[in-house]
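Asks: First the structure, which I've put down as structure tokens, then a few questions once you've had a look.
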Amino acid sequence: MTDRPELPRIEVPADIAEAAGMPEDLDANVVGPYAVPDTARRRGAGMVYVVAALVVAAGIAAGLPTGMWLTVAGFGAIAIYHVAAGTKLEVREHRALDIANQATEFPVGHASAALGFDGFLARPVWNVLVFSADDPPSMRGLVRVAGSDGSIVEQYVEAVPQEPAADVG
């Protein structure tokens, strides 16, 4: 057993999953809850490339062709990228939703968060779509929250376009 705290997980209530016809392989009630993996796991892949570079370097010392130094350099470059891109995902979905709710000038009703990645180092960013609490929603917005520290990357808010009344008759 580990003493790690349980991370918040994405769960869909059983009645909603059944009503939506959710496939069993996506239904948390069947396969268990799902949590977005931490992007710091990339560092582990970087360490694998470091070990591979060291193995090839040892092979060169044992008699492999010296042209294999290109392979060592390639493994080293990939390792550096993976370690540099291994940003810890400090902000989880529920906190990103809270941050987006506080960042908007209207009370939020419905909201949805999806994890994306920005830039060359693929930094984690939560893309949070928010709608105002009134019915029907009069405002909507997109708030992008940095997964590493919870800062607002960017924000866009607009009024929901009203559909023109349909002519009857």
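The values are calculated or read from the model by the stated rules, or taken from the named source; none is laboratory data. Computed from a prediction, not measured in an experiment: that's the story for all the values here. Every residue, glycine among them, receives a Cβ derived from its backbone with ideal geometry; neighbour counts consider all protein chains shown.
Asks: Criterion first (free of Cβ contacts under 8 Å to residues at least 60 places away in the same chain, over 13 Å from the mean Cα position of the chain (by Cα) and within 23 Å of Arg41 (Cα to Cα)) does Gly119 satisfy it?
Replies: Details: free of Cβ contacts under 8 Å to residues at least 60 places away in the same chain: yes; over 13 Å from the mean Cα position of the chain (by Cα): yes; within 23 Å of Arg41 (Cα to Cα): yes.
Considered against the rule, which asks whether it is free of Cβ contacts under 8 Å to residues at least 60 places away in the same chain, over 13 Å from the mean Cα position of the chain (by Cα) and within 23 Å of Arg41 (Cα to Cα), Gly119 comes out as yes.
Asks: Of the numbered conditions (1) at pLDDT 90 or above; (2) touching a Ser or Thr at 6+ places or on another chain (Cβ under 7 Å); (3) not charged (D, E, K, R), Phe75 fails exactly one; give the number of that condition.
Replies: Going through the list (1) at pLDDT 90 or above; (2) touching a Ser or Thr at 6+ places or on another chain (Cβ under 7 Å); (3) not charged (D, E, K, R), Phe75 breaks only (2).
Asks: Note down all Cβ pairs under 6 Å where the first residue falls in segment 1-24 and is assigned to a loop (DSSP other than H, G, I, E, B), the second is at pLDDT 75 or above and among the charged types (D, E, K, R), and they're at least six residues apart or on different chains.
Replies: Close Cβ pairs satisfying both conditions: Pro8/Arg92.
Asks: Look at Ala84 and say whether it is out of contact with any helix residue (DSSP H, G or I) (no Cβ under 7 Å at 6 or more places or on another chain), outside any loop (DSSP other than H, G, I, E, B), surrounded by fewer than 19 Cβ atoms within 10 Å (Cβ to Cβ) and among the hydrophobic types (A, V, I, L, M, F, W, C). Give the derivation first.
Replies: Details: out of contact with any helix residue (DSSP H, G or I) (no Cβ under 7 Å at 6 or more places or on another chain): yes; outside any loop (DSSP other than H, G, I, E, B): yes; surrounded by fewer than 19 Cβ atoms within 10 Å (Cβ to Cβ): yes; among the hydrophobic types (A, V, I, L, M, F, W, C): yes.
It is true that Ala84 is out of contact with any helix residue (DSSP H, G or I) (no Cβ under 7 Å at 6 or more places or on another chain), outside any loop (DSSP other than H, G, I, E, B), surrounded by fewer than 19 Cβ atoms within 10 Å (Cβ to Cβ) and among the hydrophobic types (A, V, I, L, M, F, W, C).
Asks: Next up: I'm trying to understand the selection: among the residues of segment 89-109, which are over 17 Å from Gln155 (Cβ atoms) and loosely packed, with under 14 Cβ neighbours inside 10 Å? If you could, list the steps in order and put the result at the bottom.
Replies: Within segment 89-109, the first condition is being over 17 Å from Gln155 (Cβ atoms), and the residues that meet it are 89-90, 92-94, 109.
Within segment 89-109, His94 is the sole residue that qualifies.
Let's see how each residue does on (1) in contact with a Lys or Arg (Cβ under 7 Å, 6 or more places away or on another chain); (2) closer than 21 Å to Val36 by Cα; (3) acidic (Asp, Glu):
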{"residue": "Met68", "(1), (2), (3)": "no, no, no"}
{"residue": "Thr71", "(1), (2), (3)": "no, no, no"}
{"residue": "His82", "(1), (2), (3)": "yes, yes, no"}
{"residue": "Lys88", "(1), (2), (3)": "no, yes, no"}
{"residue": "Asp98", "(1), (2), (3)": "no, yes, yes"}
{"residue": "Ala114", "(1), (2), (3)": "no, yes, no"}
{"residue": "Leu121", "(1), (2), (3)": "no, yes, no"}
{"residue": "Phe131", "(1), (2), (3)": "yes, no, no"}
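Asks: Could you check how many residues of segment 5-62 are under 21 Å from the mean Cα position of the chain (by Cα), of a type in the set (A, V, I, L, M, F, W, C) and modelled with pLDDT under 75? Before the answer, list the steps.
Replies: At the first step, the residues of segment 5-62 found to be under 21 Å from the mean Cα position of the chain (by Cα) are 5-12, 25-28, 31-46.
From what's left, of a type in the set (A, V, I, L, M, F, W, C): 7, 10, 12, 26, 28, 31, 35-36, 40, 45.
Add one more test, that the residue is modelled with pLDDT under 75, and what stays is 7, 10, 12, 26, 28, 31, 35.
So the count comes out to 7.
Asks: Could you check Ala61 against (1) assigned by TED's automatic domain parsing to the domain that holds Gln155; (2) among the small types (Gly, Ala, Ser); (3) surrounded by fewer than 17 Cβ atoms within 10 Å (Cβ to Cβ) and say which number it fails?
Replies: (1)
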